[in-house]
1. Points 7 angstrom from Cα along the Cβ direction at VAL31 and THR159: gap in nanometres?
2. With Cβ to Cβ distances under 14 Å as the rule, what net charge do the other residues near THR6 carry (K, R +1; D, E -1)?
3. Mark the label point 7 Å from the Cα of ASP99 along Cα→Cβ and return the residues of segment 43-87 whose backbone N is within less than 13 Å of it.
4. What FRET efficiency comes out for the pair ALA171/ALA5, r = Cβ-Cβ distance, R0 = 22 Å, nearest 0.05?
5. Mind checking which of GLY71, GLY160, GLY35 has the largest fluctuation in a GNM of the chain, springs on alpha carbons under 10 Å?
6. Using the crude model of +1 on Lys and Arg Cβ and -1 on Asp and Glu Cβ, and no other charge, please compute the dipole size for segment 1-149 relative to its Cα centre, in debye to 20.
7. If we count every other residue with Cβ under 15 angstrom of ASP152's Cβ, Lys/Arg +1 and Asp/Glu -1, where does the sum land?
8. Using the Karplus equation 6.51 cos²θ - 1.76 cosθ + 1.60 (θ = phi - 60°), what ³J(HN,Hα) coupling, rounded to whole Hz, does each residue of segment 8-22 give in order, writing x for Gly and Pro?
Amino acid sequence: MATTATPYGLRPINEVSGLPYAGATRKLPIVSGYGTNIFYGSVVIINATGTIELCTDIGSAGDPFPAGTIGVFMGCSYTDATLGFVNRQYWPTGQVASDALAFIVDDPNVAFQIQGDAAMTQITLGMNAPLANVQSTSTGSTATGNSNVALDATTAATTGIAFRVVDFIDAPGSEVGDAFTDVVVKFNPGSHSYTSNTGTA
């Protein structure tokens with residue numbers, strides 16, 4: 001509900017063109033033993049060794065996303081020593097698995113639904129906004145596997161910000177200007193690896 005603070009990270013809903021999102025993801029490796037939870041709906045990066053990690057920048061002008069920002073985490077698979085092959089909603093910190101793969105929405109033209117951390121009125125349409133808080137091993141639920149990161153409703157600028165607000169969620173329980181407005185965003189050029197001319201170091 002957009003009248004209560006119930007952030008859920010980033011959820012893919014469609015292409016910015018209006019075409020439906022078909023559920024496509026790219027499978028990219030997570031290094032065995034990676035020591036941070038990665039929750040469903042979290043922004044992730046490709047690090048210098050070519051594996052997936054949680055993005056720990058908020059995407060503001062002062063704290064921009066790094067060059068390797070590749071998209072949004074949608075779960076993972078790996079072989080567990082006890083359970084065997086596992087598909088999981090989130091990556092559990094310290095999991096040992098040599099075959100771990102993250103499922104990433106890496107299309108920079110996908111639009112995502114996210115909740116603002118405060119009210120967002122019609123005037124915010126077309127503005128840019130960062131994440132409201134730094135993603136960490138605790139910005140999510142190990143019970144559901146879902147992220148609880150939100151969008152910063154009060155920081156807006158014309159350049160140097162990760163996300164563009166392109167629409168609002170108009171549905172039962174969600175309206176423009178609600179106390180914690182549900183909005184639709186996309187990655188801005190330069191804040192996503194595929195629209196930046198800077199590669200990972």
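1. Output for this residue pair reads 3.4 nm.
2. Working: positive: ARG11; negative: ASP117, ASP178, ASP182.
Once positives and negatives cancel, what remains is -2.
3. So the set is 77-87.
4. Numbers: r = 18 Å, r/R0 = 0.80.
Computed FRET efficiency for ALA171 and ALA5 comes out at 0.80.
5. With Cα springs under 10 Å in the chain, the top fluctuation among GLY71, GLY160, GLY35 is at GLY35.
6. Values: 4 positive and 9 negative charges, 42 e Å.
Roughly 200 debye for segment 1-149.
7. Details: positive: ARG164; negative: ASP57, ASP63, ASP117, ASP182.
Taking every Cβ under 15 Å from that of ASP152, the sum is -3.
8. 9, x, 9, 10, x, 10, 6, 7, 4, 5, x, 5, x, 7, 8
None of the figures in this text is laboratory data; all of them are computed from the coordinates on show. Owing to the predicted nature of the structure, the values given are computational and were not obtained by experimental measurement. Here Cβ is always computed from backbone atoms with ideal geometry, including for glycine, and neighbour counts include all displayed protein chains.
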